[in-house]
Structure formats: C-alpha cells, structure tokens
Amino acid sequence: MKKLILVLLLSFVGFSMNAQDKVVKKSKNKEVIIKALGNCEMCEKRIEKAAFSVKGVKSAEWHVDCQDVHVIIDENKCTKEDVAKAIANVGHDTDLVRASDKVYDEMHSCCQYERL
C-alpha cells in the first residue's frame, strides 16, 4: 500500500513539473518583421509612426528596398498583429492586414503603391 501511494505521489509531481515546462515565456525584446508596402520617405515616416503608436513597441525601422518594417516589441504589451493593424489603419497593406480602400485612396499620390 505504501508503495502504491509513493508511486502515485511521484507520478503527480512528475506531471506537475511537466505542465510547468509548457508555459511559453513572452519576450520583452522580440524582433518581428512585417511586410509593409510603400514608396517614399513620407511612407517611411507614416509606417514608423503607426508602429510606435502601439503600446509595447520599442523600435521600428521601415526599409524601402525590402518593403518591410523591423520592429522590437514587448510581447507582454502587444503582438505582431497589433502592429500590422496600426500600419494598415494609416493606409499601408501588410502581410497580415490589408488597408481599407478609403484610407489608401486618401494618401498622397506618391505614396500610393501597386496593390496586390
């Protein structure tokens, strides 16, 4: 009987330890790359400003040659999707969220890129 109780107790402890291993820790400085379409320096300023408007964004840098924005986020405060939505809300399509036609049409003509 003692052996049975001991085996059950050890099994319970083992399962408890295993369950704790599956908890995913969120990074305070995670680098994410989001595809964001644009053409010029005005686009760069608009995209970076939109990214910085999201609470938890620590750094944002848009590259015109690659058409992507490199962002460092605190995963405890925001997600990659939050940043993509903010960028789409100012008129730039991302790989995760498409900008509305209305906002896109209101952008300056030099900022209107070829939409997919």
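The values are calculated or read from the model by the stated rules, or taken from the named source; none is laboratory data. These numbers come from a predicted model, not from an experiment. Cβ sites come from the backbone with ideal geometry, for glycine too, and all protein chains shown count toward neighbours. Side chains included, ligands, DNA and RNA excluded: accessible areas come from the protein's heavy atoms. Shrake-Rupley method; radii C 1.70, N 1.55, O 1.52, S 1.80 Å.
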Review point. Quick one: Cα centre-to-centre distance for the range 72-96 and the range 40-66, in angstrom?
Key: 10 Å
Exercise for review: Using the Kirkwood radius over Cα pairs, work out the Stokes-Einstein diffusion coefficient for the range 30-111 at 25 °C and 0.890 mPa s, in µm²/s as a whole number.
Suggested key: 200 µm²/s
Point to revise | Label point distance in nm, residue 89-residue 45, each placed 7 Å from Cα along Cα→Cβ | key: 2.1 nm
Point to revise | For the range 82-99, Karplus couplings with θ = phi - 60° (6.51, -1.76, 1.60), whole Hz, Gly/Pro x | key: 4, 5, 4, 5, 4, 5, 5, 5, 9, x, 10, 5, 10, 6, 10, 9, 8, 5
**Study point:** Accessible area in square angstrom per residue, the range 30-111, 1.4 angstrom probe
**Key:** 54 Å²
Review point. What percentage of the solvent-accessible surface of the range 30-111, computed with a 1.4 Å probe over protein heavy atoms, is contributed by carbon and sulfur atoms?
Key: 50 percent
Practice item. List, in the order given, every pair from 28/85; 26/102; 30/85 whose Cα-Cα distance in the structure shown is over 24 Å. Key: 26/102
Check your understanding: How high is the relative contact order of the range 30-111, in percent, with contacts defined as C-alpha pairs under 8 Å that are six or more residues apart?
Key -> 33 percent
**Study point:** For a label point 7 Å along the Cα-to-beta-carbon line of residue 32, residues of the range 73-116 with backbone N under 15 Å
**Key:** 73-89, 94-98
